[in-house]
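These notes concern the structure reproduced below.
The values are calculated or read from the model by the stated rules, or taken from the named source; none is laboratory data. In this text, all values refer to a predicted model and were calculated from it rather than measured experimentally. As a convention, Cβ positions derive from the backbone with ideal geometry for all residues, glycine included, and neighbour counts pool all protein chains shown.
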Amino acid sequence: MFALWCQTPVFIKLKPDWTCSMQKILFLFLALFLFVAKAASAGDLPLGPGDIVRITIYGDTNQPTDTRITDSGDVTVPMIGPVQVGGLSTPEAERKVAQLLRDKGYMKDPQVNILVTTVNSQLVSVIGQVNKPGRIVLDNGRTVTDMVASAGGVTPDGGDMVTLIRNENGSSVKYQIDLYELSHGGDPQKNLRVKKDDVIIVERASRFFIYGEVQHPGAFRLDRGTNVLQAVALGGGLTDKGTMRGLEIKRKDADGKLQKIKDINEETVLLPDDIVYVKESWF
């Protein structure tokens, strides 16, 4: 592996006999920096069941201990045994373990380090029309749009609406977040902060249907504010027989039944699942 490092180009002019050594040092420094940065991010989160931590007690002859926090929030610490750390931050857990070591007379000035190696307790599910659906670690202060971005962003088939499902007092509660509104100067307070175990669903974009005398009849994405004239354009425009006169729109009512819409024109704005029919000209 060291040989590969030596083949990497260096942009600092160094003496030939220690160029490779400097490359190794720089590589190790970068790896350490990334590892510490990741650990610092995890350290901001409260510890919880399922998290895997590495406990190091300096001065102890034993090696660092890798252990899993139990469902009850306990973690097994060398010399002490089970310690309740669930809900504590990493620094709080370190201080608690150090105090227990002092109280039990094992050490006068213990130095304790707890590193979260795997986060399993602070997760949020992001599913639906995102590029990388799955469970994502929740950092402090993250919002719905932050989590959607972490999931790779919205796919081309994704819509403007996001549903946030949260358990509140034993009941499932749904919140609707309008991405279009937020991106067009909407109230940032509506961009809710996410909590652990939340489920974020990015909905599929709404569609409309157009058929009759257009070049490419079928279903199309319905962007906000799309009107009849734009719908015809998306359908490839009129055929040689098509006419804009006598256009028809069928729309579902509250009972889900299709109703013919009256008094429409080129500027009529479409709603989700509208069906536009372009008639044939008789002249």
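Do any residues in the stretch 172-183 that are more than 11 Å from VAL144 (Cβ to Cβ) have Cβ atoms under 6 Å from those of residues that are hydroxyl-bearing (Ser, Thr, Tyr), where the two are at least six apart or on different chains, and which pairs are they?
Pairs found: LYS174/THR163.
Just for the stretch 180-217: of the residues that are at positive phi and in contact with a strand residue (DSSP E or B) (Cβ under 7 Å, 6 or more places away or on another chain), which one is surrounded by the fewest Cβ atoms within 10 Å (Cβ to Cβ)?
Going through the stretch 180-217, the residues at positive phi turn out to be 185, 197, 212.
Filter once more, so that each one left must be in contact with a strand residue (DSSP E or B) (Cβ under 7 Å, 6 or more places away or on another chain): 197, 212.
On the way: ASP197: 15, GLY212: 19.
Applying the filter and picking the extreme gives ASP197.
Filtering the stretch 129-145 down to residues that are within 18 Å of THR118 (Cβ to Cβ) and not in a loop (DSSP other than H, G, I, E, B), which residue is modelled with the lowest pLDDT?
Out of the qualifying residues, it is VAL137.
Would you mention how many residues in the stretch 91-145 are among the basic types (Lys, Arg) and not assigned by TED's automatic domain parsing to the domain that holds ASP178?
Taking the stretch 91-145 first, the residues among the basic types (Lys, Arg) are 95-96, 102, 104, 108, 132, 135, 142.
This time we only want the ones that are not assigned by TED's automatic domain parsing to the domain that holds ASP178, so: 95-96, 102, 104, 108.
Total meeting the criteria: 5.
Being surrounded by 14 or more Cβ atoms within 10 Å (Cβ to Cβ), hydroxyl-bearing (Ser, Thr, Tyr) and more than 22 Å from PRO110 (Cα to Cα) narrows it down to one of THR70, THR90, so name that one. Before you say what the answer is, go through the steps one by one.
On the way: THR90 fails: more than 22 Å from PRO110 (Cα to Cα).
Among THR70, THR90, only THR70 is surrounded by 14 or more Cβ atoms within 10 Å (Cβ to Cβ), hydroxyl-bearing (Ser, Thr, Tyr) and more than 22 Å from PRO110 (Cα to Cα).
Results for (1) closer than 20 Å to GLY73 by Cα; (2) aliphatic (A, V, I, L, M); (3) touching a residue at least 24 places away in the same chain (Cβ under 8 Å); (4) out of contact with any helix residue (DSSP H, G or I) (no Cβ under 7 Å at 6 or more places or on another chain), shown as yes or no for each residue.
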{"residue": "TYR106", "(1), (2), (3), (4)": "no, no, yes, yes"}
{"residue": "VAL112", "(1), (2), (3), (4)": "yes, yes, yes, no"}
{"residue": "PRO133", "(1), (2), (3), (4)": "no, no, no, yes"}
{"residue": "ASP160", "(1), (2), (3), (4)": "no, no, yes, no"}
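Could you pull out every one of the strands (runs of 3 or more DSSP E) wholly within the stretch 237-283 that has 3 or more residues that are crowded, with 17+ Cβ neighbours inside 10 Å? Break it down stepwise before answering.
On the way: elements: 248-252, 258-261, 275-278.
Where strands (runs of 3 or more DSSP E) fall fully within the stretch 237-283 and carry at least 3 residues being crowded, with 17+ Cβ neighbours inside 10 Å, they are 275-278.
I'd like the full set of residues that are in contact (Cβ under 8 Å) with a residue 40 or more places away in the chain and under 19 Å from LYS190 (Cβ atoms), limited to the stretch 139-152.
Of everything in the stretch 139-152, those that are in contact (Cβ under 8 Å) with a residue 40 or more places away in the chain and under 19 Å from LYS190 (Cβ atoms) turn out to be GLY141, ARG142, THR143, VAL144, THR145, ASP146, MET147, VAL148.
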